[in-house]
1. Looking at Thr246, is it open to solvent by 40 Å² or more (accessible area, probe 1.4 Å), hydroxyl-bearing (Ser, Thr, Tyr), out of contact with any Pro (no Cβ under 6 Å at 6 or more places or on another chain) and touching a residue at least 24 places away in the same chain (Cβ under 8 Å)?
2. Is it the case that Ser367 is over 22 Å from Ala545 (Cα atoms) and part of a loop (DSSP other than H, G, I, E, B)?
3. For segment 254-332, which helices (runs of 4 or more DSSP H) that fit wholly inside it have 3 or more residues that are without any contact (Cβ under 8 Å) to a residue 12 or more places away in the chain?
4. Please work out which residue is nearest to Ile475 (Cα to Cα), limiting yourself to segment 185-220 and to residues that are open to solvent by 50 Å² or more (accessible area, probe 1.4 Å) and among the basic types (Lys, Arg).
5. Find the residue count for segment 341-365, including only residues that are among the β-branched types (Val, Ile, Thr) and either crowded, with 23+ Cβ neighbours inside 10 Å or at pLDDT 95 or above (or both).
6. Considering only segment 172-203, state which residues are of a type in the set (S, T, N, Q) and assigned to a helix (DSSP H, G or I).
Amino acid sequence: MSEMNWDLSVLVKSTEPERIKERLAAMVADYAKFAEKYRGKIEGLDPAGLAGMLKAKDDLFLRYEGVMTFCSLAFTADQSDPVANSLNHASSRAATEADQQTAFMAVELGRLLASHPSLIDEPCLRDYKHYLERYLRIAPHLLSEPEERLVSAKDRTGVTAWSKLQSKWLSSRQFHMTVKGEEKVLSMGEMIPYIYDPDRATRKATYLAMGTTLGADRLLWADALAAIWTDHLQMCKLRSYPSPLTSSLIVNDVEERTITALMEVVRKNAPVCQRYFSVKAKLLGLDRLGNWDLRAPLPDTVDRQRTWEESRDLLISLYADFDPQFGEWVRDMFDRRHLDGLVRKGKRTGAFCDTWVGGRSAFILSSYNGQVNDVYTLAHELGHAVHAYLYTRAQNPSNCGVSLCIAECGSMFGELLLTERLLAEVTSDEEKRSVLIRVMNSFVQTVYQEGFRYFFEMDIARAVGEGKFLDADAIADMWMTAQRSLYGDIEYLPETRWDWARFPHHYFSDVRFYEYPYVFAQLFVFALFRLYREQGEAFVPRLKALLSAGSSRSALQLAGELGFDIGQEEFWQKGIDQAKEYLAELERLE
Ligand SMILES: [Zn+2]
C-alpha cells in the first residue's frame, strides 16, 4: 500500500530539519537583498529594468518554492508530528518575513504604471503584460502613501478586530440540543456535522439550537456586520471604486457586466433549483422540503467500492479518453507518487491540489476510502493537476497565480468526465439515478445555495449605501428574502433567519462577495462541457489553450478566444441548459 503515500523528497535537496531551516533563513536573507535593491526605486526603472526585476522576483520564487512546499505539505500529511509542526511554523514565519520585505512592490508598481501606462505594451515586458495590467487596474484606486498607512492602521483596530471578534465569539458559544433523545452541549464545530445527519429530527434540532443561540446575540452580529459594510462603502468612496463589487472584481480578474449577467441568469433560472428541491423531497419521502433538509444526505442507492488501483486505472483512462496527454500526466502523478491518499491519524481533512511550478507538476492530498465520493475527489484534484501541468509549461511563475474564477475549470471539468463515464457504464435506473443526483446536488449547492448570498450582500450594500439603519431584524429579513427568491416555496424554520451570523466571510476584513467565483466556475464549466458535446474533438485543443493560459489572460479574454462573450447572459444560459438536461433525466427516472 506504500504507493498511497506521497514522496515529498523531490522537493528538497535534504529532508534534514536543520538543513531545511538553513534554507528558510537563506530565503529570508535573499528577499531582504531583493528589497534592498528595488525598494523606493521602482518608479525610476526603464522597461528593461522592470523586466529584470520581475524576472528576479520569479527566480526567487522558484529557488525557494520547493522548500516552502515541502514544509507545508509535510505538515498537512501529519499535523501531529512535532518535526512537521516545527518546520511548518518556521516556514510560515519565513513566508511572512518575505511578504513584508516585498510589500513595497505592489504600491510602487501601481504608481509606476499609473504614470507610464504604455509600459505594458513594451516588447520586453510581453510575458508580463496581463500581470502588469492587473496592477494598472488597481493603480487609480491607490491613495497617497500616508493615507495608505492610515488605512492599514485603521483596519487593524477596526474591521480586522471585528472579524477576530466574530470568530472568537462564535467558537466560545455553546449550543444546547437533543440528539436522539440525548441532551448535548456542543461547540459550533461539534454541532455542524449534524446538519448532514440522515435523521430529519436531528437536522431540525441542530438548526433550532444554532438559530436560538445565534439569535440571542443578534445585537452583536448586526452591529458587526453593519459596521463592516459601512467601512467597506466608505473605502469604496475613498478609493473611487465605481461599485461595492469593484475590489472583488480586481482580485478575481473579471468585469462587472460579466458578474451581473451571470447572477441575472441564476436569478432567472430559480425554477431549476426549485424543481430539484421537489425531486429531493420525493427522494427523502417528504411532501415538501424544509430548509433544514438542504444538506440532508440522500438515501444512498448504489455505491460501489473501488480499490486505489481500480480508481487509478479508471481515472487514467477517463482523462486519456479526453486527451492522450492528459492521460499521461494523470499516470505521471500516480507513478511519481505525487498523491497522498492514505487515511491516517493527524492528516488534514478534505482534499487539495498544490501546484509545483518549478517541477511543472503538482501534489494531491486526499483521504481515500474507496467510495464513489473519493473517486470524485480524485477526479477533481487531478483536474487541478492537469491544469497545473499545462500552465506551468506555458507560463512564467508570475502567470501561474490563476484567479478563483478560472482555477476550478480543470477540476470541475474532470468531475464531469467522470460523471459521463459513470452514466455510460450504469446497468440500472437506480445506478443512473444516484449518478444524476450527485451531479445535481453539487450543482444546486454551488449555484443556488452559495449564490443567494451574493444577492444578500448586494441588498446589504444597497441599504447601507442609502443610509438605512440596519438592525438584526432588517438583516435577517434580507437574508430570508434572498433565500426565498431562489429556493421558492419550501418550508423555512423561523430560527434560521439568524444563519448569516455564523459565516465568517461575512465579517472578513478585505473580502466582499466571496461566493460568486464558485458560481462562475460551476456555470462556466457546464457551459464548456456543452461546447465539448457540440464540437467533439475540435474542442480539446481549445480547452487546452484556455488552461495553458494560467493567469496570463482574463476570463473575458479566454472565453473570447473560444468565441464567447461572458458578459452576455446567453453564455451563462448554456451552463444552466446542461444542468437542465441532467435534471430532466433525473425527473424521467422518478
Ligand atoms: Zn478545486
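The values are calculated or read from the model by the stated rules, or taken from the named source; none is laboratory data. From a predicted model like this one, the values you see are computed outputs, not experimental measurements. Don't worry about glycine lacking a Cβ; one is built from the backbone with ideal geometry, like all the others, and counts go over all protein chains shown. With ligands, DNA and RNA removed, areas are computed over all heavy atoms of the protein, side chains included. Shrake-Rupley method; radii C 1.70, N 1.55, O 1.52, S 1.80 Å.
1. Considered against the rule, which asks whether it is open to solvent by 40 Å² or more (accessible area, probe 1.4 Å), hydroxyl-bearing (Ser, Thr, Tyr), out of contact with any Pro (no Cβ under 6 Å at 6 or more places or on another chain) and touching a residue at least 24 places away in the same chain (Cβ under 8 Å), Thr246 comes out as no.
2. The answer is yes for Ser367.
3. Those helices (runs of 4 or more DSSP H) span 308-322.
4. For segment 185-220, the residue satisfying everything is Arg218.
5. Going through segment 341-365 one residue at a time, the tally reaches 3.
6. Once the filter is applied, which keeps residues that are of a type in the set (S, T, N, Q) and assigned to a helix (DSSP H, G or I), segment 172-203 yields Ser172, Thr202.
Let's see how each residue does on (1) open to solvent by less than 10 Å² (accessible area, probe 1.4 Å); (2) touching an Asp or Glu at 6+ places or on another chain (Cβ under 8 Å):
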position: Thr258; (1), (2): yes, no
position: Met263; (1), (2): yes, no
position: Val266; (1), (2): yes, no
position: Asn269; (1), (2): no, no
position: Gln274; (1), (2): no, yes
position: Lys282; (1), (2): no, yes
position: Leu289; (1), (2): yes, yes
position: Asp293; (1), (2): yes, no
position: Gln305; (1), (2): no, no
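Yes/no per residue for (1) open to solvent by less than 30 Å² (accessible area, probe 1.4 Å); (2) within 16 Å of the ligand (Cβ to nearest atom):
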| site | (1), (2) |
| --- | --- |
| Gln325 | no, no |
| Arg331 | no, no |
| Leu339 | yes, yes |
| Ser367 | no, yes |
| Ala385 | yes, yes |
| Ser398 | yes, no |
| Gly410 | yes, yes |
| Ala424 | no, no |
| Ile437 | yes, no |
